[in-house]
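Everything on this sheet refers to the single structure shown next.
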2 protein chains.
Amino acid sequence: MAGDLQKRRIPEATVARLPVYLRILLELAESKTATISSERLAELAGVNAAKVRKDLSYLGSYGTRGVGYDVEYLLFQMSRELGLNHDWPVVIAGIGNLGSALANYGGFTERGFPVAALVDADTTKVGRSLGDLEIRHVDELPQLVDELGIAIGVIATPAHVAQGVADKMAEAGIHSVLNFAPAVITVPDGVSLRKVDLAVELQILSFYQQHRHEQTV
Amino acid sequence: MAGDLQKRRIPEATVARLPVYLRILLELAESKTATISSERLAELAGVNAAKVRKDLSYLGSYGTRGVGYDVEYLLFQMSRELGLNHDWPVVIAGIGNLGSALANYGGFTERGFPVAALVDADTTKVGRSLGDLEIRHVDELPQLVDELGIAIGVIATPAHVAQGVADKMAEAGIHSVLNFAPAVITVPDGVSLRKVDLAVELQILSFYQQHRHEQTV
DNA sequence: GCGACTTTGTGAATGTGTGAACGAACTCAC
DNA sequence: GTGAGTTCGTTCACACATTCACAAAGTCGC
């Protein structure tokens, strides 16, 4: 009885896979596929079929035994669960090489994450335009967050200022941060943080490359 | 006796953290810090101290009880384990927005992953220069890999051609692939694959943002 | 050289994630 | 409506990862 309200806490590993399923379902919907089995979906997602069924079961019992999952319905439920039934405006901090590329990269807006603001600490950059956005000073974050309803902050600054920017974002009321800077940063409780570190990814690959021979002796 | 050779197989989770420790150690070395305790290193890496010790123990017993780890020595051992005692030339496939940014982003070369070649399938792009590299046609991959000793391929193409590029890379003898395209791709046995999907990261953040209220009732 | 203190390295306990297996629930042909 | 076939949802056992707790092994002051 006590555990009734909190019935389903979705495991982190599952949460990380849901967006992959979602993208596949979108493609299936586009190609007019009405239903999909866990087996086929698993194949497309590159995972085990049992895992797909378990993952989807956290969302509810949306499948039909003997048939599979209704693509449209599953899409609807999954979008709802992922919070994708509305847009989440994003601010990008640090308009250097990477920041500019991210700002120009259409993929964000397309998937419901419109780039609503750009900020930088460099006053020579402030005022310039990129696409149809003007670069603002990082100290204007609070107003920008407030006015534009910004929920997510993307950090594309040099490593040594990343923590400072994260602090400002948290202070401005941003609860989700995606960090591209090659630095470990911390955020207050209640703020979600994810990181993408390109060099780290390459180094992981390097490790396995290095050990490829030793491994399969 | 049989398990002697294969004494230490480093867990995946540990491998993913080693590059983070490495970066911190580099910073410590730069600031002339001679030794570091697992506790302090844990703090800097944002993890648990016991985890640090266990992770480092997979590399060997390089710490000194009562003292900590010698920064320089640990750096040396870790670099060796990660295969970072020499450069790993990289080819970037797909010179669009993201590909260009990656090519210009100095961070790769700086960390031992020089961008040695750029390829694209678009013949109007082939022949153009970016930085000091000329864009080559993707069909030249085998020669480029061979001549330049390329070990790692980075896919920054549109999703619908990513699998094809991955196939060509594997065929050309590349054993490590980093995929930025928003698509699930597969590679042959013996080839390592990692992915970075920006939209997926944002959607994961969106999930937790969506559930933030429900969670902490 | 001894005792107080520090810090590593690892065994054991706990928590999280995965995959096989199987009953339950559905479709379809006849 | 019955039987054969399909596919989901869930249980169970196991593998992997994390954290605690503590003996072992060092330092340092005197």
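Read-outs: derived from the displayed coordinates by stated rules, not from any lab. No experiment lies behind these values; they were computed from the predicted model shown. Because the Cβ atoms are built from the backbone with ideal geometry, glycine has one as well, and the counts that use them run over all protein chains shown.
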Label zone at B:THR123, where the point sits 7 Å out along the Cα-to-Cβ direction: region B:140-156 residues whose backbone N lies under 15 Å: B:140
I need the inter-copy label distances for B:ARG8: point set 7 Å along Cα to C-beta, values in nm with one decimal, smallest first. 4.3
What does the C-alpha gyration tensor say about the overall shape of the protein assembly as shown? Classify as rounded when a/c is under 1.5, otherwise prolate if a/b is larger than b/c, or oblate. rounded
Relative contact order of region A:129-217: what whole-number percent is it, with Cα pairs under 8 angstrom and at least 6 residues apart? 23 percent
Placing +1 on each Lys and Arg Cβ and -1 on each Asp and Glu Cβ in the protein assembly as shown, then taking the dipole about the Cα centre, the residue among B:LEU141, A:THR64, B:VAL161 whose Cα reaches farthest towards the positive end is A:THR64
HN-Hα couplings for region B:189-195 via Karplus (6.51, -1.76, 1.60; θ = phi - 60°), in whole Hz with x for Gly/Pro, come out as 4, x, 9, 8, 9, 10, 10
For chain B, the charge dipole (Cβ of Lys, Arg +1; Cβ of Asp, Glu -1; about the Cα centre) points to a positive end, and the Cα of B:SER100, B:GLN77, B:VAL187 closest to that extreme belongs to B:GLN77
Using r as the Cβ-Cβ distance of B:ALA49 and A:ARG9, and R0 as 25 Å, what FRET efficiency do you calculate, to the nearest 0.05? 0.35
Rounded to the nearest 20 debye, dipole of chain B from Cβ charges on Lys, Arg, Asp, Glu: 860 debye
Which aspartates and glutamates does A:LYS125 reach when only Cα atoms under 13 Å apart count, and residues fewer than 8 places away in its own chain are ignored? A:GLU134
Quick one: which of A:LYS51/B:LYS54; B:LYS32/B:LYS54; A:LYS32/B:LYS168; A:LYS32/A:LYS54; A:LYS168/B:LYS51; A:LYS51/A:LYS195 span more than 27 angstrom between C-alpha atoms? A:LYS51/B:LYS54; A:LYS32/B:LYS168; A:LYS168/B:LYS51
Out of A:ASN85, A:ASN104, A:ASN48, any idea which swings most in a Gaussian network model of chain A, alpha carbons joined below 10 Å? A:ASN48
Around B:VAL126: net Lys/Arg minus Asp/Glu count, Cβ-Cβ under 14 Å: -2
What does the C-alpha gyration tensor say about the overall shape of region A:90-200? Classify as rounded when a/c is under 1.5, otherwise prolate if a/b is larger than b/c, or oblate. rounded
Hull surface divided by four, with the convex hull built on the Cα atoms of chain A: how many nm²? 16.9 nm²
Over chain A, what is the relative contact order in whole percent, taking alpha-carbon pairs under 8 Å and six or more residues apart? 12 percent
Per residue of A:91-100, how many C-beta atoms from partner chains lie within 10 Å of its own C-beta, taken as a mean? 2
Counting Lys +1, Arg +1, Asp -1, Glu -1, what net charge surrounds A:PRO89 among other residues with beta carbon under 12 Å of its beta carbon? -3
Order of B:ILE10, B:ILE36 under a 10 Å beta carbon neighbour criterion, fewest first: B:ILE10, B:ILE36
Using the Cα centre as the reference, give the magnitude of the dipole from point charges on the C-beta atoms of region A:12-81 (Lys, Arg: +1; Asp, Glu: -1; all else neutral), rounded to the nearest 20 debye. 160 debye
Calculate, in whole percent, how much of the Cα-Cα pair population of region A:70-116 lies beyond 14 Å. 57 percent
Sequence of B:ASP132, A:ASP197 once ranked by neighbouring C-beta atoms within 10 Å, starting from the fewest: B:ASP132, A:ASP197
Size of charge dipole - region B:91-217 - debye, nearest 20, with Cβ of Lys, Arg +1 and Asp, Glu -1, no other charges: 360 debye
For B:GLU39, inter-copy label-point distances (7 Å, Cα→Cβ), nm, shortest first, read 5.7
13 Å beta-carbon shell around B:THR33, net charge (K/R +1, D/E -1): -2
Just checking the output field for B:190-200: average partner chain Cβ neighbours within 10 Å of each residue's Cβ? 6
For region B:12-36 and region A:119-157, compute the distance between their C-alpha centroids and round to whole Å. 32 Å
